Amino acid sequence: MKKTVALLCAALMMSAPLASFAQPGPERDYDQHGPDKRPHPDGQPQHDEHGQQGRDQARPPHADPHAYRNPGYRPQAGMPVPHREWRSGVVVEPRFRGDRYWVTDWHARHLYAPPRDHRWLYINGDYVLIAVATGVIVNILAGY
């Protein structure tokens, strides 16, 4: 009798997790730039006043995506404009190749190891991988 009760208890303990089922969570639109695929409660897709379908119309007026940008910001004089002036194959000016711009802790900044005779530079918000001997840009991580 004891074996039967012990076997029954063990079977119940083993089958208890099977009784719980995962419930689906709320739908999420991970692509913040694409249209919201969920229909409106009346079955029609949502559109804003310009006929655009998406999730931006549900945002309050103070949630402007440009609201937190500093309108008075200007890049420092003589500095390259981030995200625009970097092109692969272009030579970086010698003044930006100094050790002031070198990235020595590339691993801590989640960058891959530079190949031999290459170096990461951090210039005005962008990571630029250059060949040390020539200064030619090999890779660009803009705004990384």
The residue that is nearest to the chain's Cα centre (by Cα), considering only those in the stretch 126-144 that are at pLDDT below 90 and surrounded by fewer than 15 Cβ atoms within 10 Å (Cβ to Cβ), is TYR144
Regarding ARG109, is this residue over 20 Å from the mean Cα position of the chain (by Cα) and of a type in the set (Lys, Arg)?
-> no
May I ask you to list the residues in the stretch 73-102 that are charged (D, E, K, R) and either under 13 Å from LEU129 (Cα atoms) or at pLDDT below 70 (or both)?
-> ARG74, ARG84, ARG87, ARG97
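The values are calculated or read from the model by the stated rules, or taken from the named source; none is laboratory data. All figures in this text were calculated on a predicted structure; none of them were measured in a lab. A quick note on method: Cβ atoms are made from the backbone with ideal geometry, for glycine too, and the neighbour counts reach across all protein chains shown.
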